[in-house]
1. Residues that are within 16 Å of the ligand (Cβ to nearest atom), open to solvent by 30 Å² or more (accessible area, probe 1.4 Å) and at positive phi: does the range 159-167 have at least one?
2. What's the number of the condition LEU283 fails, among (1) at pLDDT 95 or above; (2) buried (at least 18 other Cβ atoms within 10 Å of the Cβ); (3) touching a Ser or Thr at 6+ places or on another chain (Cβ under 7 Å)?
3. Could you please find all residues in the range 261-310 being among the hydroxyl-bearing types (Ser, Thr, Tyr) and touching a His at 6+ places or on another chain (Cβ under 7 Å)?
4. Mind listing whichever residues of the range 63-84 are away from the ligand (no atom under 16 Å from the Cβ) and hydrophobic (A, V, I, L, M, F, W, C)?
5. If we keep just the residues of the range 286-323 that are among the hydrophobic types (A, V, I, L, M, F, W, C) and in a helix (DSSP H, G or I), which is surrounded by the most Cβ atoms within 10 Å (Cβ to Cβ)?
6. Which members of the range 264-296 meet the condition of being among the small types (Gly, Ala, Ser) and within 27 Å of GLY246 (Cα to Cα)?
7. Condition test on SER236, is it without any contact (Cβ under 8 Å) to a residue 24 or more places away in the chain, within 16 Å of the ligand (Cβ to nearest atom) and open to solvent by 10 Å² or more (accessible area, probe 1.4 Å)?
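The values are calculated or read from the model by the stated rules, or taken from the named source; none is laboratory data. Everything quoted here is computed from the prediction, not taken from an experiment. Every residue, glycine among them, receives a Cβ derived from its backbone with ideal geometry; neighbour counts consider all protein chains shown. Ligands, DNA and RNA are excluded from the accessible area calculation, which covers all protein heavy atoms including side chains. Shrake-Rupley method; radii C 1.70, N 1.55, O 1.52, S 1.80 Å.
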Amino acid sequence: MYSVVFLLAVLGASRRAADALDNGLALTPPMGWLHWERFMCNTDCDRDPNNCISERLYMQMADVMVKEGWKEAGYEYVCIDDCWSAHQRDDQGRLQADPKRFPGGIKKLADYVHSKGLKLGIYADVGRNTCAGYPGSQGYYETDAQTFAKWEVDLLKLDGCFMDWTLLGDGYMYMSRVLNRTGRSILFSCEWPLYEWPYHQPNYTVIRETCNHWRSFTDVYDSWSSVKSILDWTASHQDIIVPWAGPGGWNDPDMLIIGNFGLSHDQQESQMALWAIMAAPLLMSNDLRDICPRSRALLQNRHIIDISQDPLGRQGYRTAKVSARGDTEHGRSPERQLVTFLADKFEVWERPLSGGRLAIAVLNKQEIGGPRGFAVRSAPGWKTCSPQCNVTQLLPRYEELGIHTPQSDTVISVNPSGTALLTVTPVSGDSPRGWQDSSSKRHDIL
Ligand code: GAL
């Protein structure tokens, strides 16, 4: 009924031997919460006290993170984005929080967040102003680094608005050095490559030495088209950006918007699965005080978080894409090991994991009709499954799919704009339970 496409295994990928920023942080992709996508620049605390950018918002988020399992799941940074500061620096040239919205000041807020066993992130801009027009750090890098260290902040997101692009690199490198010089461990999140791409290909060697994670593409919005555009950009630049991800430094495709308004549950699963495959920072921007139980369970899914946080620290690649005409375009990834599918408009992404394991995401990009099947079969020489491997499906639901051999295949059903997420673990041994046997009772779609 369907034809099966084989991909050849190409193992032994070459790695760029780049040094990460030497601050001992972000050995796995950072996890936490960041206000921007959900709360933006809402400063109207008179009319909207619950949702305005104020100390109360971060304190409430920290409370919920402890009470409702977020901290336990690994989410630890509570991050302030733009619009926290006063419009003027103080008389000594230091940034200061807006006194009405942050009456206790940032140091007190940091103390509160720390008392919950969490960490506090803050936002600044390498240029004259922040993107929303608040004071920028240009000319004040050292002062601002010291201020943040004194406040005992744990993460700095440095934006790149209002800056001559030829000075971006110098600004980011300078801020990285002065942050290190404060002696406080401050995770450094950059948007440097995003602002350089319009002019030339950024130098990721230096970016990796300077930043713990870096944005290369535009802001995420609360929509499936936005998530898709981020995936497309990442896949079409993967040969340039993926090799630079690893312990200490990560590509940042922007915030998780799971739990908001714009994504169906299948699309939320796709974002979670693909962000884990991309070894992306897991910074949620949602309202944890009011989130539906399914979204919460997805964000706290420990199997998916394990993929995200895998100690090998390799980012995955899109390894195949089938167009509407049924043509298959293979990623040139040296990591590609497998797979195969039955129909057009599927994408396959693969991430190598520790212990010779592999994570595979199969995304159904057809946004019409119902669930569609795809077949998985080992490529000849697919080492992970030779002689056999154990396959576990994590999404759309957890299921142990049993033993797979180079001869076996199966069909898995994926909803429109949903993703099937699998892990594959090599097994040695000689009398496996057949994949075919176990698959027949599982997959009733065909
Ligand atoms: C954008 C940035 C967003 C957010 C916003 C704040 O440039 O990409 O993530 O920080 O500025 O004004």
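1. Yes: one or more hits.
2. Going through (1) at pLDDT 95 or above; (2) buried (at least 18 other Cβ atoms within 10 Å of the Cβ); (3) touching a Ser or Thr at 6+ places or on another chain (Cβ under 7 Å) one by one, LEU283 breaks only (3).
3. Listed by number, the list holds a single entry, SER285.
4. Residues satisfying the conditions are VAL64, MET65, VAL66, TRP70, ALA73.
5. LEU299
6. SER270, ALA273, ALA276, ALA279, ALA280, SER285
7. no
Residue by residue, here is whether (1) open to solvent by less than 10 Å² (accessible area, probe 1.4 Å); (2) in the same structural domain as HIS303 (by TED's automatic domain parsing); (3) assigned to a helix (DSSP H, G or I) holds:
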site	(1), (2), (3)
ILE230	yes, yes, yes
TRP250	yes, yes, no
GLY259	no, yes, no
LEU263	no, yes, no
GLN271	yes, yes, yes
